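Here is the structure we will look at, set down as structure tokens.
The values are calculated or read from the model by the stated rules, or taken from the named source; none is laboratory data. All figures in this text were calculated on a predicted structure; none of them were measured in a lab. As a convention, Cβ positions derive from the backbone with ideal geometry for all residues, glycine included, and neighbour counts pool all protein chains shown. For the accessible areas, the whole protein counts, side chains as well, though only heavy atoms, and no ligand, DNA or RNA atoms are used. Shrake-Rupley method; radii C 1.70, N 1.55, O 1.52, S 1.80 Å.
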Amino acid sequence: MNIFSFTAHFDGEESCRNHFNAERDKIGVLCKRCAHDSHYWIKSKWSYECKKCRSRTSLRSGTIMQSSNLSFLVWYKTMFLLTATKKGFSSKVITK
Ligand SMILES: [Zn+2]
């Protein structure tokens, strides 16, 4: 994937979230409270709801983004730059 196909594919926050949601579904989500592995997806809240105890798990919860305020789009751009460039880059380029 190059920068052109990347921006065409991930054109905004929602497309990044949808992609992250699909990838997380492949891995599976475990409930933090009861360890049940079956959840409903509540798109309006961007969260999973445990089918057993109804506990909510946000899309970022339990991932590297958990305690971050950055948008999914910024994370995706960063991960793209990290994998696409062999040299380092300044963090200043990300938020522009
Ligand atoms: Zn549960």
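Quick notes on this one:
- Scanning segment 80-96 for residues that are part of a helix (DSSP H, G or I), of a type outside the set (Phe, Trp, Tyr) and either modelled with pLDDT of 75 or more or more than 18 Å from Asp11 (Cα to Cα) (or both) turns up Leu81, Leu82, Thr83, Ala84, Ser91, Lys92.
- Selection count, segment 1-16, where residues are assigned to a loop (DSSP other than H, G, I, E, B) and not hydrophobic (A, V, I, L, M, F, W, C): 3
Listed here are the residues, each with its yes/no results for (1) in contact (Cβ under 8 Å) with a residue 60 or more places away in the chain; (2) open to solvent by less than 100 Å² (accessible area, probe 1.4 Å); (3) more than 16 Å from the ligand (Cβ to nearest atom); (4) not in a helix (DSSP H, G or I).
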position	(1), (2), (3), (4)
Asn18	no, yes, yes, no
Ala22	no, yes, yes, no
His36	no, yes, no, yes
Ser44	no, no, yes, no
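- Those residues of segment 24-34 which are surrounded by 11 or more Cβ atoms within 10 Å (Cβ to Cβ) and part of a helix (DSSP H, G or I), in sequence order: Arg24, Asp25
- If you filter segment 46-56 down to residues that are part of a loop (DSSP other than H, G, I, E, B) and either within 22 Å of Ser71 (Cα to Cα) or touching a strand residue (DSSP E or B) at 6+ places or on another chain (Cβ under 7 Å) (or both), you find that the one that is least open to solvent (accessible area, probe 1.4 Å) is Trp46.
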